[in-house]
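What follows is calculated from the coordinates using simple rules that are stated; it is not laboratory data. Bear in mind that the values here come from a model prediction, so they are computed numbers and not experimental data. Every residue, glycine among them, receives a Cβ derived from its backbone with ideal geometry; neighbour counts consider all protein chains shown.
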Amino acid sequence: MQQLSTKNVYISVVVTQLRMTEDLIIAGCLANNPVAQRELYNRYSPKMLAVCYRFAHSREDAEDMLQEGFIKVFSQMHTFQAKGAFEGWIRRIIVHTCINVLKRNKKFNESLDIEYALEAQVKENIPSILQAKQVVECIRLLPTGYRTVLNLYAIEGYSHKEIGEMLDVGESTSRSQYTRAKAMLEQILVKKRIIEKPDLQPGAVALV
């Protein structure tokens, strides 16, 4: 106990003199040092709040997701094995937290019961502009199920198989939700004049 206390004091002194390195933040959090924990939160919470906001119904819900996510980050710090980016590790925990919060909502589960979708033809390469602020706001206008799958597939990079496992649905359900989400998002973007109305030609390739 005395050794742990001494380590915490040392980390606290260091952080008052220079910006903490990532390794020092991790070491401090593993030692339950409040200075290191605060530094980790301050450094990564703005980006992670943006992630939560894309999944949440409101900013208040996003902030609740963020708080729950960081509690898990601190409690699971011992599982980080430095085999990838630390920020990426945090992001995965935050994303899974958002999904778990949504899955507790009965209406969300009911919105994921469509197995197949009609083919939709989209000319604009929507994924290339998904990070734009005005497009993010449009994504939030989608039904929760559509919004969730689109975020997971087009922005977070999960496969439909992984999404199906995360949401407890079939892979085909994930694909259909993404197809419908992308088509509906296009309609919203056209209506708001963010993109031009697509001029579909005979033989255009349907979304997959």
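Sorting 155-168, 42-55 by average packing, meaning the other beta carbons within 10 Å per residue, from highest down gives 42-55, 155-168. The simple spin-label model puts a point 7 Å past each Cα toward its Cβ; for Asn105 and Asn32 those points are separated by 3.5 nm.
Straight-distance candidates among the lysines for linking to Lys83, with alpha-carbon spacing under 24 Å and chain neighbours fewer than 8 residues away dropped: Lys47, Lys72, Lys161. Net charge of the neighbourhood of Ser58, taken over other residues with C-beta under 10 Å away and scored Lys/Arg +1, Asp/Glu -1, is -2. Straight-line cross-link reach from Lys192 at under 16 Å between alpha-carbon atoms covers these lysines, not counting any fewer than eight positions away in the same chain: Lys133, Lys182. If r is the Cβ-Cβ distance from Arg92 to Gln187 and R0 is 45 Å, what FRET efficiency results, to the nearest 0.05? Here the calculated transfer efficiency is 0.90.
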